[in-house]
Amino acid sequence: MPDIPNKARQVERVMERLGDAAYRQMKERIIRGVYRPGHKLTVRAVAQDLDVSTTPARDAINRLTSEGALVYTGPKTVVVPVLDATALREITLTRLALEGLASEQAAPHGTPVDVEELKSLQRLINSALDEKRYAEALWHNKEFHFAIYRLSGLPHLVSIIESLWLRIGPSLHNLYPEFAEEKYGVRNHEIAMEALEERDAASLRAAMENDIRDGYRRLKRANEEKEGHCSA
């Protein structure tokens, strides 16, 4: 006779793996800003998007709601939360502290290969910005930042930073088109690459912190403009 408990455990492990994979894919989409603030998602839509059944899709959604990346608005519907001014400020202050630290710790470990990787990513960012493909620019921007942070050799710190990007990622759409036109991020990234090449920890930290500050100013203004329209 077949070992029913063993079969059940095998099925359970498969479902866990599918749930983990669905979670990672959803997490990456949120961090990269694929979903904008206020975007509604259903379990069925997520399952179709990720090509999985509803069970791993629901598991992924539940994990992301527990992390504050999504909020339930109904039994089967979640929404990407809209950050208010207080939440935006708190996340930014935390990012400055943690991403600044990660950048500072990364500087001594940078190699010519790492610098070339950043230059390649920056070319992709520039091309996307020039052609107004802002979602793609955000995609490569995330890779640029985390390529630096991973050099810190502090995986737990990088994991915490990822949790902050889960909250801020969807709002980064509000940077454009102004952020692209003013080239704030491009200049900060150029300084960061030079600093990594020279293994200058203070300059690398300052460049990445300035990138966060410039983004915050634009996001703060976007929030204020939206509130102004709502009250008009």
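Look at region 119-140: where a residue is in contact (Cβ under 8 Å) with a residue 24 or more places away in the chain and a partner is among the polar types (S, T, N, Q), sitting 6+ places away or on another chain with Cβ atoms under 9 Å, you get Leu121/Asn141; Ile125/Asn141; Ala137/Asn126; Ala137/Ser127. Considering each residue of region 105-116 in turn, none proves to be touching a helix residue (DSSP H, G or I) at 6+ places or on another chain (Cβ under 7 Å) and either without any contact (Cβ under 8 Å) to a residue 40 or more places away in the chain or closer than 30 Å to Lys40 by Cα (or both).
Within region 203-217, residues that are in the same structural domain as Gln105 (by TED's automatic domain parsing) and crowded, with 18+ Cβ neighbours inside 10 Å have Cβ atoms under 6 Å from residues that are of a type in the set (Asp, Glu) and part of a helix (DSSP H, G or I) in these pairs: Arg205/Glu104; Met208/Glu99, counting only partners at least 6 apart in sequence or on another chain. Taken over region 176-215, the residue count meeting the criterion of being assigned to a helix (DSSP H, G or I) and in contact with a Phe, Trp or Tyr (Cβ under 8 Å, 6 or more places away or on another chain) is 6. In region 180-200, the residues that are without any contact (Cβ under 8 Å) to a residue 40 or more places away in the chain reach residues that are among the polar types (S, T, N, Q) with C-beta atoms within less than 9 angstrom, at least six apart or across chains, in these pairs: Tyr184/Asn210; Arg187/Asn210; Asn188/Asn210; Ile191/Ser203; Ile191/Asn210; Glu194/Ser203. Candidates are the residues of region 2-53 that are small (Gly, Ala, Ser) and modelled with pLDDT under 90; the one that is surrounded by the most Cβ atoms within 10 Å (Cβ to Cβ) is Gly33.
Table: residues versus (1) of a type in the set (Val, Ile, Thr); (2) crowded, with 19+ Cβ neighbours inside 10 Å; (3) not assigned by TED's automatic domain parsing to the domain that holds Tyr35.
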{"site": "Asn141", "(1), (2), (3)": "no, yes, yes"}
{"site": "Ser152", "(1), (2), (3)": "no, yes, yes"}
{"site": "Pro155", "(1), (2), (3)": "no, no, yes"}
{"site": "Ser163", "(1), (2), (3)": "no, no, yes"}
{"site": "His173", "(1), (2), (3)": "no, no, yes"}
{"site": "Glu181", "(1), (2), (3)": "no, no, yes"}
{"site": "Val186", "(1), (2), (3)": "yes, no, yes"}
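Within region 163-213, if we keep just the residues that are within 21 Å of Ser127 (Cα to Cα) and basic (Lys, Arg), the residue that is modelled with the lowest pLDDT turns out to be Lys183. Can you spot a residue in region 160-169 that is under 23 Å from Glu117 (Cβ atoms), touching an Asp or Glu at 6+ places or on another chain (Cβ under 7 Å) and assigned to a helix (DSSP H, G or I)? Yes, region 160-169 contains a residue that is under 23 Å from Glu117 (Cβ atoms), touching an Asp or Glu at 6+ places or on another chain (Cβ under 7 Å) and assigned to a helix (DSSP H, G or I).
The residue list Thr77, Thr94, Thr86 contains one member that is closer than 18 Å to Val158 by Cα and of a type in the set (Ser, Thr, Tyr), which is Thr94.
The values are calculated or read from the model by the stated rules, or taken from the named source; none is laboratory data. Bear in mind the structure is a predicted one, so any value in this text is a computation, not a measurement. Neighbour counts run over all protein chains shown; Cβ positions are idealised from the backbone, glycine included.
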